1. Name the pairs: first residue in the stretch 40-57 and in contact (Cβ under 8 Å) with a residue 40 or more places away in the chain and outside any helix (DSSP H, G or I), second residue open to solvent by 10 Å² or more (accessible area, probe 1.4 Å) and of a type in the set (A, V, I, L, M, F, W, C), Cβ to Cβ under 6 Å, at least 6 apart or on different chains?
2. Output the number of residues of the stretch 139-153 satisfying the condition of being surrounded by fewer than 20 Cβ atoms within 10 Å (Cβ to Cβ) and within 13 Å of L123 (Cα to Cα).
3. Could you tell me how many of the residues in the stretch 184-226 are part of a loop (DSSP other than H, G, I, E, B) and under 18 Å from P167 (Cβ atoms)?
4. Might you check whether a residue that is on the phi > 0 side of the Ramachandran plot, open to solvent by less than 50 Å² (accessible area, probe 1.4 Å) and more than 16 Å from the chain's Cα centre (by Cα) occurs anywhere in the stretch 169-185?
5. For the stretch 1-25, how many residues meet the condition of being out of contact with any helix residue (DSSP H, G or I) (no Cβ under 7 Å at 6 or more places or on another chain) and part of a helix (DSSP H, G or I)?
6. I want to confirm something. Restricting to the stretch 26-55 and keeping residues that are open to solvent by 60 Å² or more (accessible area, probe 1.4 Å) and among the basic types (K, R), which single residue is modelled with the highest pLDDT?
7. Restricting attention to strands (runs of 3 or more DSSP E) lying wholly within the stretch 112-175, give those where 3 or more residues are polar (S, T, N, Q).
Amino acid sequence: MEQRSYNQYCATARTLDIVGERWTLLLIRELLTGPKRFSDLQRSLRGLGTGLLSTRLKYLEQQRLAQKITLPPPARAPAYELTEAGAELAPAVLSLARWGMKWAMADPRDDEVFHPGWAVLALRACFDSDAASGLRVVYEFRVGDEVFHARIDDGTIDTVHGPVRHPDLTITTDDRTFREIAAGRTTLAAAVRNATAVATGDRAALRALRTVFRLPTPVQRIAAAPNTQGS
């Protein structure tokens with residue numbers, strides 16, 4: 001794959017030379033939540049063809065941002081994981097996510113794909129470490145066919161795909177309701193009242209959930225055009 005360059009001796013430009021190509025940062029986003037098989041990446045990145053996915057993964061290997069591994073038993077399947085250099089892109093990706101929640105999300109478009117598993121990283125992006133100081137709690141989320149969990153330990157968070165033993169609180173809902181909550185069109189409390197979501201477990205953990213995860217209020221980047229009618 002031909003590598004384009006800004007030809008600038010600048011850390012920002014050099015970084016964009018490496019990760020600025022289309023799909024590259026989204027692949028890193030996927031791998032930030034753990035090793036993934038080729039088929040896992042295909043499912044999560046709809047619109048990225050098989051050939052281009054192979055090319056991008058080879059590029060990440062060449063740049064020493066990702067490497068091939070074999071998953072442990074019982075899977076024993078080939079997969080990809082981030083190297084140390086790739087994993088250190090996490091703060092940059094999370095900062096982009098936080099910026100996007102405030103300045104880029106607005107309402108979902110009809111042609112946009114939504115994957116509940118992306119919340120594994122989004123939960124880290126909207127985590128309020130100050131509010132979680134002294135808190136030790138485990139949340140499990142069951143959204144459609146997706147299961148993931150968040151472990152909070154005194155202001156730190158770890159989010160992982162898959163179930164967890166003995167969660168303090170389990171949230172169960174469908175893809176559509178979860179997207180509505182993520183878009184700010186409804187709240188978890190409203191979804192529970194409407195029976196489109198179920199919260200099972202410790203009530204104190206449910207109350208804490210509202211404070212440790214904070215979605216920023218979306219802001220329009222471009223002001224609406226003034227209404228000049230009648231002037």
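The values are calculated or read from the model by the stated rules, or taken from the named source; none is laboratory data. Please read all numbers here as calculations on a predicted model, not as lab measurements. Here the Cβ positions follow ideal geometry from the backbone for every residue, glycine too, while neighbour counts run over all protein chains shown. These accessible areas exclude ligands, DNA and RNA; they are computed on the full protein's heavy atoms, side chains included. Shrake-Rupley method; radii C 1.70, N 1.55, O 1.52, S 1.80 Å.
1. Once the first residue is in contact (Cβ under 8 Å) with a residue 40 or more places away in the chain and outside any helix (DSSP H, G or I) and sits in the stretch 40-57, its partners that are open to solvent by 10 Å² or more (accessible area, probe 1.4 Å) and of a type in the set (A, V, I, L, M, F, W, C) give R46/V113.
2. The qualifying residues number 1.
3. Our first condition is that a residue be part of a loop (DSSP other than H, G, I, E, B); within the stretch 184-226, this holds for 184-187, 194-196, 202, 214-226.
From what is left, the residues that are under 18 Å from P167 (Cβ atoms) are 202.
Residues flagged as part of a loop (DSSP other than H, G, I, E, B) and under 18 Å from P167 (Cβ atoms) within the stretch 184-226 amount to 1.
4. Taking the stretch 169-185 first, the residues on the phi > 0 side of the Ramachandran plot are 184.
Remaining after also requiring open to solvent by less than 50 Å² (accessible area, probe 1.4 Å): none.
No, because not a single residue in the stretch 169-185 is on the phi > 0 side of the Ramachandran plot, open to solvent by less than 50 Å² (accessible area, probe 1.4 Å) and more than 16 Å from the chain's Cα centre (by Cα).
5. Number satisfying all stated conditions: 8.
6. R37
7. Numbers: elements: 136-143, 146-153, 156-161, 169-173.
Here the list reads 169-173.
Each row is one residue, and each column tells you yes or no for (1) open to solvent by less than 30 Å² (accessible area, probe 1.4 Å); (2) part of a helix (DSSP H, G or I); (3) out of contact with any strand residue (DSSP E or B) (no Cβ under 6 Å at 6 or more places or on another chain).
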residue	(1), (2), (3)
L60	yes, yes, no
Q67	no, no, yes
R76	no, no, yes
E81	no, no, no
P91	no, yes, yes
S95	no, yes, yes
G100	yes, yes, yes
